[in-house]
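To start, the structure under review is shown below, and the notes come after it.
Rule-based calculations on the coordinates, nothing more; no lab input. In this text the structure is predicted, and so the values were computed from the model without any measurement. A quick note on method: Cβ atoms are made from the backbone with ideal geometry, for glycine too, and the neighbour counts reach across all protein chains shown.
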Amino acid sequence: MEITAISVPAKLGRFDLFEALQGFDYKDSDILVVSSKFVAMSEGRFVKLDTVRPGAKAKRLAKKFRMDERLAELVLQEADMIVGGIPGFVLAIRKGMMAPNAGIDKSNVPPGHVILYPKKPFASAQKLRQKFLDNGIKLGVILADSRLMPTRRGTTGIAIACAGFEPVEDDRGKRDLFGNTLKVTLRAVADSLATAGVAVMREAAESTPAAVVRGFPVTWTERKLSWKDMAVPARTDIYLRGTGML
């Protein structure tokens, strides 16, 4: 398996995502991992904080977690569920994914601004993949972000959306090296590849918002994917249930 970071000049404001990613020799069966923030930038998902007017609920949330009221308002607009938080951060669930501040980020944006996730990430992934298909290249697409794992230091990667391949492989019923039948093992293929991509893309001033994973076997599909293909209901999540957060 090969993983190659793709350098792209810094962008600001809306731009053509497909054109911005040209210059690399893409091949059939590649998996293109793209920073979700880079995709969001191409869609103009910047928000100037001074334009946000926090409501009463946002003010209460901001007071509880000692955060900017304007940011709290955006979190409430983006999140499907608030499950807790610490000073400065709200732990939210959005489209089946748990993320601090519902994925809203202040890094790699102009001062006084934040950037949101793509509005419809699976549609964005499919649209980008279709552009490659129209140009004769059959590849898979992942929109990736960094994430924190409980009790672990540092970030890894997570796929917030994908297109062209099955994001989860079901290994239940297979046998391990000792003949034991696997009962619960589902392999998060998209998340694993997102982590590989994020590892080479990095997150500072490298200006490498994408990576190509080559030589990794996936199950290709043309079906329309959604977050439900990658997530479990919040009420069944081991971390949320185990900590009593739900």
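Quote the FRET efficiency, to the nearest 0.05, computed for LEU148 versus MET245 with a Förster distance R0 of 22 Å and r equal to the Cβ-Cβ distance.
With a Förster radius of 22 Å, E is 0.90.
Dipole of the chain computed with +1 at Lys/Arg Cβ and -1 at Asp/Glu Cβ about the Cα centre; of VAL8, PRO233, ALA20, farthest Cα towards the positive end is PRO233.
Only Lys, Arg, Asp and Glu carry charge here, each on its Cβ (+1 for the first two, -1 for the last two); on that basis the chain has a dipole of about 1020 debye about its Cα centre. Considering the options VAL109, PHE46, GLY85, tell which one lies farthest towards the positive end of the dipole of the range 46-116, charges being +1 on Lys and Arg and -1 on Asp and Glu at the Cβ, about the Cα centre. Comparing the listed Cα positions along the dipole, GLY85 ranks first.
Taking 0.36 nm per residue of separation and subtracting the current Cα-Cα distance, fully stretching the chain between ILE137 and LEU49 would add 27.7 nm.
Provide SER7, SER146, SER36, SER207 in ascending order of the number of other Cβ atoms located within 10 Å of each residue's Cβ, fewest first. Spell out each step's value before the answer.
Working: SER7 11, SER146 21, SER36 28, SER207 16.
The most exposed by this proxy come first: SER7, SER207, SER146, SER36.
Fully extending the segment from THR219 to THR155 would add 20.3 nm, taking 0.36 nm per residue of separation and subtracting the current Cα-Cα distance.
Each label point was placed 7 Å from the Cα along the Cα-to-Cβ direction; for ALA188 and ASP16 their separation is 3.6 nm.
Using the 10 angstrom Cβ neighbour count as an exposure proxy, how do MET149, MET67 rank, fewest first? Let's see the in-between values first.
On the way: MET149 11, MET67 20.
Neighbour counts put them in this order, fewest first: MET149, MET67.
Among ILE137, THR155, GLN126, whose Cα projects farthest towards the positive end of the dipole of the chain, with charges put on the beta-carbon of Lys, Arg (+1) and Asp, Glu (-1)? Checking the options against the dipole of the chain, the answer is THR155. Here the simple spin-label model places points 7 Å from the Cα toward Cβ, and for ALA123 and LYS106 these points are separated by 3.1 nm. Full extension of the chain between LYS57 and ASP28 gives 5.5 nm of extra length, using 0.36 nm per residue less the Cα-Cα distance. The sum of -39500 (n - 2.57) across all DSSP H runs of n ≥ 4, divided by the residue count of the chain, sets its helix-only mean residue ellipticity at 222 nm to -7000 deg cm²/dmol. Using the Cβ-Cβ distance between GLN77 and GLN130 with R0 set to 22 Å, the FRET efficiency works out to roughly 0.15.
Taking LYS106, LYS27, LYS228 in turn, the Gaussian network model of the chain (Cα-Cα springs below 10 Å) assigns the largest fluctuation to LYS228.
Cut-off 14 Å, label point 7 angstrom out along Cα-to-Cβ of VAL232: give me the residues of the range 180-199 whose amide nitrogen falls inside. Those under the cut-off are 183-188.
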